[in-house]
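A.B. asks: Pasting a structure here, questions to come.
The values are calculated or read from the model by the stated rules, or taken from the named source; none is laboratory data. Since this is a predicted model, take the numbers as computed values, not measurements. Virtual Cβ from ideal backbone geometry, glycine too; neighbours counted across all protein chains shown.
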Amino acid sequence: MMNIRGKVLPVGEWGAVRYAFLFFFLISVCSAQPTLSVKGNTYEGAALFLTLSECADKNPPTAEIEGATYDFLPGGEGQWELVVPLSTESGGPVQLTVKCAEESFQRSFQVKSRNYGHQSITLNPSTLAGYDDPQNKADDRKIIEALETDRTPKLFDGDFIYPVQAPQTTGFGLKRTYNGWKKGWHKGLDLAGWEGEAVKAPADAVVLHTARGIVNGNTVVLSHGGGVGSVYLHLNSIQVREGQELRKGQVLGTVGGTGGFAPHLHWETRVHGVPVNPKLFFSVPS
(Lines give C-alpha, C1' and ligand atoms only; values in the text may rest on other atoms or scores of the structure.)
Protein backbone atom coordinates (compact mmCIF):
# COMPACT_ATOMS: atom_id res chain seq x y z
CA MET A 1 0.00 0.00 0.00
CA MET A 2 1.21 3.53 -0.73
CA ASN A 3 0.27 6.47 1.52
CA ILE A 4 0.60 9.93 0.04
CA ARG A 5 0.05 13.15 1.90
CA GLY A 6 0.59 16.54 0.33
CA LYS A 7 -0.61 20.00 -0.47
CA VAL A 8 0.34 23.02 -2.54
CA LEU A 9 0.84 26.34 -0.79
CA PRO A 10 1.38 29.77 -2.37
CA VAL A 11 4.41 31.66 -1.13
CA GLY A 12 5.21 35.34 -1.10
CA GLU A 13 7.03 37.34 -3.71
CA TRP A 14 10.82 37.77 -3.48
CA GLY A 15 12.80 39.69 -6.05
CA ALA A 16 11.62 38.89 -9.54
CA VAL A 17 10.16 35.58 -8.45
CA ARG A 18 6.36 35.77 -8.22
CA TYR A 19 3.41 33.48 -7.84
CA ALA A 20 5.60 30.53 -6.95
CA PHE A 21 4.09 27.49 -5.33
CA LEU A 22 5.84 25.90 -2.40
CA PHE A 23 4.82 22.33 -1.96
CA PHE A 24 5.68 19.55 0.38
CA PHE A 25 4.60 15.96 0.40
CA LEU A 26 5.49 12.68 2.02
CA ILE A 27 5.33 9.26 0.43
CA SER A 28 5.62 6.11 2.50
CA VAL A 29 6.05 2.58 1.21
CA CYS A 30 4.90 -0.14 3.54
CA SER A 31 7.57 -2.86 3.86
CA ALA A 32 10.84 -0.95 4.44
CA GLN A 33 8.90 2.27 5.14
CA PRO A 34 11.04 4.68 3.09
CA THR A 35 9.78 8.25 3.36
CA LEU A 36 10.34 10.92 0.73
CA SER A 37 10.24 14.62 1.51
CA VAL A 38 10.04 16.98 -1.46
CA LYS A 39 10.27 20.73 -1.03
CA GLY A 40 10.65 23.49 -3.56
CA ASN A 41 8.88 25.66 -6.07
CA THR A 42 6.81 24.13 -8.84
CA TYR A 43 7.29 26.58 -11.69
CA GLU A 44 9.45 26.58 -14.81
CA GLY A 45 13.08 27.28 -13.98
CA ALA A 46 12.77 26.16 -10.36
CA ALA A 47 14.21 23.17 -8.47
CA LEU A 48 12.99 20.48 -6.09
CA PHE A 49 14.84 19.42 -2.94
CA LEU A 50 14.38 15.71 -2.17
CA THR A 51 15.24 13.87 1.05
CA LEU A 52 14.73 10.09 1.24
CA SER A 53 14.76 8.33 4.62
CA GLU A 54 14.72 4.64 5.58
CA CYS A 55 15.94 3.39 2.20
CA ALA A 56 17.94 0.25 2.99
CA ASP A 57 19.75 -0.36 -0.28
CA LYS A 58 23.45 -0.77 -1.05
CA ASN A 59 22.95 1.16 -4.29
CA PRO A 60 21.93 4.83 -4.39
CA PRO A 61 18.19 5.33 -4.92
CA THR A 62 17.22 7.21 -8.07
CA ALA A 63 14.70 9.82 -9.18
CA GLU A 64 13.31 10.17 -12.70
CA ILE A 65 11.78 13.42 -13.91
CA GLU A 66 11.42 15.08 -17.33
CA GLY A 67 13.12 12.15 -19.03
CA ALA A 68 16.27 12.33 -16.90
CA THR A 69 17.45 10.01 -14.11
CA TYR A 70 19.43 11.28 -11.12
CA ASP A 71 21.18 9.43 -8.30
CA PHE A 72 20.58 10.43 -4.71
CA LEU A 73 23.67 11.25 -2.64
CA PRO A 74 24.22 10.25 1.00
CA GLY A 75 22.98 12.85 3.48
CA GLY A 76 23.13 13.02 7.24
CA GLU A 77 21.61 10.52 9.66
CA GLY A 78 21.20 7.75 7.10
CA GLN A 79 19.25 9.92 4.67
CA TRP A 80 19.66 10.37 0.92
CA GLU A 81 19.48 13.83 -0.68
CA LEU A 82 18.94 15.13 -4.21
CA VAL A 83 18.20 18.41 -5.97
CA VAL A 84 16.42 18.11 -9.33
CA PRO A 85 15.79 20.89 -11.86
CA LEU A 86 12.55 21.93 -13.53
CA SER A 87 13.52 23.26 -16.94
CA THR A 88 12.12 26.46 -18.44
CA GLU A 89 10.16 24.23 -20.86
CA SER A 90 8.60 21.97 -18.20
CA GLY A 91 5.22 23.70 -17.82
CA GLY A 92 2.28 21.31 -17.45
CA PRO A 93 1.87 17.92 -15.77
CA VAL A 94 5.11 16.31 -14.56
CA GLN A 95 5.69 12.94 -12.92
CA LEU A 96 8.41 12.24 -10.39
CA THR A 97 9.38 8.57 -9.96
CA VAL A 98 11.61 7.49 -7.07
CA LYS A 99 13.14 4.02 -6.88
CA CYS A 100 14.48 2.56 -3.64
CA ALA A 101 15.63 -1.08 -3.63
CA GLU A 102 12.70 -3.04 -5.08
CA GLU A 103 10.19 -0.28 -4.45
CA SER A 104 9.07 2.37 -6.92
CA PHE A 105 6.63 5.17 -6.23
CA GLN A 106 5.39 8.21 -8.12
CA ARG A 107 4.14 11.71 -7.54
CA SER A 108 2.39 13.75 -10.24
CA PHE A 109 2.12 17.51 -10.02
CA GLN A 110 1.56 20.57 -12.18
CA VAL A 111 4.48 22.82 -13.13
CA LYS A 112 3.34 26.41 -13.55
CA SER A 113 4.40 28.11 -16.78
CA ARG A 114 6.33 31.37 -16.40
CA ASN A 115 6.49 34.37 -18.70
CA TYR A 116 9.95 35.75 -18.05
CA GLY A 117 9.56 38.49 -20.62
CA HIS A 118 11.38 39.46 -23.82
CA GLN A 119 14.29 41.73 -24.62
CA SER A 120 15.64 43.08 -27.91
CA ILE A 121 19.38 43.72 -27.96
CA THR A 122 21.66 45.36 -30.51
CA LEU A 123 25.22 44.03 -30.45
CA ASN A 124 28.36 44.90 -32.33
CA PRO A 125 28.34 42.64 -35.43
CA SER A 126 31.66 41.07 -34.44
CA THR A 127 30.31 40.26 -30.97
CA LEU A 128 27.16 38.73 -32.43
CA ALA A 129 29.22 36.65 -34.87
CA GLY A 130 31.09 35.27 -31.89
CA TYR A 131 27.99 33.41 -30.70
CA ASP A 132 28.13 31.14 -33.76
CA ASP A 133 31.90 30.74 -33.69
CA PRO A 134 32.88 27.06 -33.21
CA GLN A 135 35.23 28.11 -30.43
CA ASN A 136 32.36 29.74 -28.51
CA LYS A 137 30.30 26.57 -28.84
CA ALA A 138 33.30 24.60 -27.54
CA ASP A 139 33.62 27.04 -24.62
CA ASP A 140 29.98 26.45 -23.70
CA ARG A 141 30.36 22.67 -24.00
CA LYS A 142 33.24 22.67 -21.52
CA ILE A 143 31.08 24.49 -18.97
CA ILE A 144 28.20 22.07 -19.42
CA GLU A 145 30.45 19.00 -19.32
CA ALA A 146 32.12 20.19 -16.12
CA LEU A 147 28.73 20.55 -14.42
CA GLU A 148 27.06 17.43 -15.82
CA THR A 149 29.95 15.16 -14.83
CA ASP A 150 30.44 16.68 -11.38
CA ARG A 151 30.02 14.20 -8.51
CA THR A 152 31.05 16.44 -5.62
CA PRO A 153 29.17 15.67 -2.38
CA LYS A 154 26.93 18.44 -1.09
CA LEU A 155 29.02 21.34 0.22
CA PHE A 156 26.46 24.10 0.72
CA ASP A 157 24.56 24.48 3.96
CA GLY A 158 21.84 27.08 4.17
CA ASP A 159 21.02 30.04 1.98
CA PHE A 160 23.25 31.43 -0.77
CA ILE A 161 24.37 35.07 -0.92
CA TYR A 162 24.74 37.45 -3.86
CA PRO A 163 28.19 37.13 -5.46
CA VAL A 164 28.29 40.92 -5.79
CA GLN A 165 26.12 43.58 -4.20
CA ALA A 166 24.93 45.40 -7.31
CA PRO A 167 21.63 46.17 -9.07
CA GLN A 168 20.16 43.48 -11.30
CA THR A 169 20.08 44.61 -14.92
CA THR A 170 18.73 41.45 -16.60
CA GLY A 171 16.65 38.68 -15.07
CA PHE A 172 16.67 34.93 -15.48
CA GLY A 173 14.72 33.28 -18.30
CA LEU A 174 14.31 36.36 -20.47
CA LYS A 175 13.73 35.57 -24.15
CA ARG A 176 16.08 37.57 -26.35
CA THR A 177 16.31 38.77 -29.93
CA TYR A 178 19.74 39.95 -31.04
CA ASN A 179 19.99 42.56 -33.83
CA GLY A 180 16.41 41.88 -34.84
CA TRP A 181 16.79 38.24 -35.87
CA LYS A 182 18.93 35.93 -33.73
CA LYS A 183 17.01 34.20 -30.92
CA GLY A 184 18.22 33.14 -27.50
CA TRP A 185 17.37 33.23 -23.81
CA HIS A 186 19.10 34.45 -20.67
CA LYS A 187 20.28 31.57 -18.50
CA GLY A 188 21.25 33.60 -15.45
CA LEU A 189 21.19 37.03 -13.84
CA ASP A 190 23.16 40.10 -14.89
CA LEU A 191 24.39 42.26 -12.01
CA ALA A 192 25.71 45.74 -12.82
CA GLY A 193 28.84 45.86 -10.67
CA TRP A 194 31.76 48.20 -11.31
CA GLU A 195 34.91 47.00 -13.05
CA GLY A 196 37.30 45.47 -10.55
CA GLU A 197 34.67 44.87 -7.87
CA ALA A 198 35.19 41.61 -5.97
CA VAL A 199 33.02 38.64 -6.97
CA LYS A 200 32.43 36.21 -4.10
CA ALA A 201 31.38 32.58 -3.86
CA PRO A 202 27.67 32.52 -2.90
CA ALA A 203 28.17 29.29 -0.91
CA ASP A 204 30.91 26.80 -0.07
CA ALA A 205 32.29 25.37 -3.29
CA VAL A 206 35.14 23.81 -5.21
CA VAL A 207 36.41 25.32 -8.47
CA LEU A 208 35.53 23.02 -11.38
CA HIS A 209 36.69 25.02 -14.38
CA THR A 210 38.38 28.28 -15.36
CA ALA A 211 38.83 29.58 -18.89
CA ARG A 212 38.88 32.58 -21.19
CA GLY A 213 36.12 32.36 -23.79
CA ILE A 214 35.70 34.46 -26.90
CA VAL A 215 32.17 35.52 -25.86
CA ASN A 216 32.04 34.36 -22.24
CA GLY A 217 35.27 36.14 -21.43
CA ASN A 218 37.06 35.17 -18.23
CA THR A 219 35.01 32.31 -16.80
CA VAL A 220 34.80 30.52 -13.45
CA VAL A 221 32.61 27.46 -12.81
CA LEU A 222 31.97 26.34 -9.21
CA SER A 223 30.51 23.16 -7.78
CA HIS A 224 28.48 23.57 -4.59
CA GLY A 225 28.03 19.80 -4.50
CA GLY A 226 24.95 17.65 -4.78
CA GLY A 227 24.57 18.53 -8.46
CA VAL A 228 24.37 22.29 -7.81
CA GLY A 229 26.85 24.53 -9.62
CA SER A 230 27.30 28.18 -10.57
CA VAL A 231 28.90 30.05 -13.48
CA TYR A 232 30.54 33.49 -13.61
CA LEU A 233 31.24 35.18 -16.97
CA HIS A 234 32.98 38.32 -18.31
CA LEU A 235 35.28 38.58 -15.28
CA ASN A 236 38.06 41.14 -15.33
CA SER A 237 40.32 38.80 -13.37
CA ILE A 238 40.25 35.20 -12.12
CA GLN A 239 41.67 34.74 -8.62
CA VAL A 240 41.15 31.00 -8.13
CA ARG A 241 42.48 27.79 -9.66
CA GLU A 242 40.76 24.55 -10.64
CA GLY A 243 40.38 22.20 -7.68
CA GLN A 244 40.58 25.01 -5.12
CA GLU A 245 38.09 24.89 -2.24
CA LEU A 246 36.20 28.08 -1.43
CA ARG A 247 34.16 29.16 1.56
CA LYS A 248 31.00 31.23 1.24
CA GLY A 249 32.02 34.86 0.69
CA GLN A 250 35.54 34.09 -0.54
CA VAL A 251 36.67 36.12 -3.58
CA LEU A 252 36.86 34.20 -6.88
CA GLY A 253 37.55 37.11 -9.24
CA THR A 254 36.49 40.62 -10.18
CA VAL A 255 33.73 42.16 -12.28
CA GLY A 256 34.72 42.94 -15.86
CA GLY A 257 33.60 43.21 -19.46
CA THR A 258 35.72 40.53 -21.13
CA GLY A 259 34.08 38.93 -24.14
CA GLY A 260 33.11 42.26 -25.70
CA PHE A 261 30.55 43.57 -23.22
CA ALA A 262 30.24 46.52 -20.84
CA PRO A 263 31.41 45.63 -17.31
CA HIS A 264 28.89 43.47 -15.45
CA LEU A 265 28.65 40.04 -13.86
CA HIS A 266 26.71 37.28 -15.61
CA TRP A 267 25.85 34.72 -12.92
CA GLU A 268 24.18 31.37 -13.49
CA THR A 269 23.01 28.64 -11.13
CA ARG A 270 22.66 25.18 -12.65
CA VAL A 271 21.31 21.92 -11.25
CA HIS A 272 22.82 18.89 -12.99
CA GLY A 273 23.75 21.26 -15.80
CA VAL A 274 20.22 22.67 -16.21
CA PRO A 275 19.90 26.46 -15.70
CA VAL A 276 17.56 27.45 -12.86
CA ASN A 277 16.70 30.78 -11.26
CA PRO A 278 19.64 31.72 -8.98
CA LYS A 279 17.27 33.50 -6.58
CA LEU A 280 15.81 30.14 -5.54
CA PHE A 281 18.95 29.48 -3.53
CA PHE A 282 18.53 32.62 -1.42
CA SER A 283 15.99 30.51 0.48
CA VAL A 284 17.12 26.87 0.58
CA PRO A 285 14.49 24.61 2.21
CA SER A 286 15.67 23.15 5.50
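A.B. asks: For segment 193-214, indicate whether the set of residues that are modelled with pLDDT under 95, charged (D, E, K, R), assigned to a strand (DSSP E or B) and more than 18 Å from Asp150 (Cα to Cα) is non-empty.
C.D. replies: No.
A.B. asks: Moving to a separate point now. With the checklist (1) at pLDDT below 95; (2) in contact with a strand residue (DSSP E or B) (Cβ under 8 Å, 6 or more places away or on another chain) in hand, flag the one item Thr254 doesn't pass.
C.D. replies: Single failed check for Thr254: (1).
A.B. asks: Still on this structure, I have one more. Output the residues belonging to segment 215-232 that are closer than 18 Å to Phe160 by Cβ and assigned to a strand (DSSP E or B).
C.D. replies: Val220, Val221, Leu222, Ser223, His224, Gly225, Val228, Gly229, Ser230, Val231, Tyr232
A.B. asks: Only one residue in Val255, Val199, Val228 is over 20 Å from the mean Cα position of the chain (by Cα), of a type outside the set (D, E, K, R), surrounded by 24 or more Cβ atoms within 10 Å (Cβ to Cβ) and not assigned by TED's automatic domain parsing to the domain that holds Leu73, so which one is that?
C.D. replies: The match here is Val255.
A.B. asks: Within segment 77-102, how many residues are part of a loop (DSSP other than H, G, I, E, B) and closer than 20 Å to Asp57 by Cα?
C.D. replies: Going through segment 77-102 one residue at a time, the tally reaches 5.
A.B. asks: Out of segment 63-76, which residues are surrounded by fewer than 17 Cβ atoms within 10 Å (Cβ to Cβ) and either part of a strand (DSSP E or B) or among the aliphatic types (A, V, I, L, M) (or both)?
C.D. replies: Within segment 63-76, Glu64, Ala68, Thr69, Asp71, Pro74 qualify.
A.B. asks: Return the total of residues in segment 260-277 being part of a strand (DSSP E or B) and free of Cβ contacts under 8 Å to residues at least 12 places away in the same chain.
C.D. replies: 0
A.B. asks: Pull up segment 42-55, narrow it to residues that are under 13 Å from the mean Cα position of the chain (by Cα) and part of a strand (DSSP E or B), then point me to the one that is farthest from Leu86 (Cα to Cα).
C.D. replies: Phe49
A.B. asks: Testing Ala192 on (1) within 16 Å of the chain's Cα centre (by Cα); (2) surrounded by 12 or more Cβ atoms within 10 Å (Cβ to Cβ), one condition comes back false. Which one is that?
C.D. replies: (1)
A.B. asks: Take the residues in segment 172-189 that are under 24 Å from Gly273 (Cα atoms) and among the hydrophobic types (A, V, I, L, M, F, W, C), then tell me which one is surrounded by the fewest Cβ atoms within 10 Å (Cβ to Cβ).
C.D. replies: Trp185
A.B. asks: A further question follows. Step by step: first the residues of segment 238-259, then only those that are touching a residue at least 40 places away in the same chain (Cβ under 8 Å) and in a strand (DSSP E or B), then the one that is nearest to Asn124 (Cα to Cα). Which residue is that?
C.D. replies: Looking at the filtered set, the residue picked out is Gly256.
A.B. asks: Next question. Looking at the structure I just gave you, is Thr169 more than 22 Å from Val274 (Cβ to Cβ), assigned to a strand (DSSP E or B) and touching a residue at least 40 places away in the same chain (Cβ under 8 Å)?
C.D. replies: Yes.
A.B. asks: Among the residues of segment 91-105, are any basic (Lys, Arg), over 30 Å from Gly249 (Cα atoms) and in contact (Cβ under 8 Å) with a residue 24 or more places away in the chain?
C.D. replies: For segment 91-105, residues basic (Lys, Arg), over 30 Å from Gly249 (Cα atoms) and in contact (Cβ under 8 Å) with a residue 24 or more places away in the chain: present.
A.B. asks: Name the residues in segment 122-149 that are exposed (fewer than 11 other Cβ atoms within 10 Å of the Cβ) and not in a helix (DSSP H, G or I), would you?
C.D. replies: Thr122, Asp132, Thr149
A.B. asks: Name the residues in segment 150-164 that are within 15 Å of the chain's Cα centre (by Cα) and buried (at least 18 other Cβ atoms within 10 Å of the Cβ), would you?
C.D. replies: Matches in segment 150-164: Asp150, Lys154, Leu155, Phe156, Phe160, Pro163.
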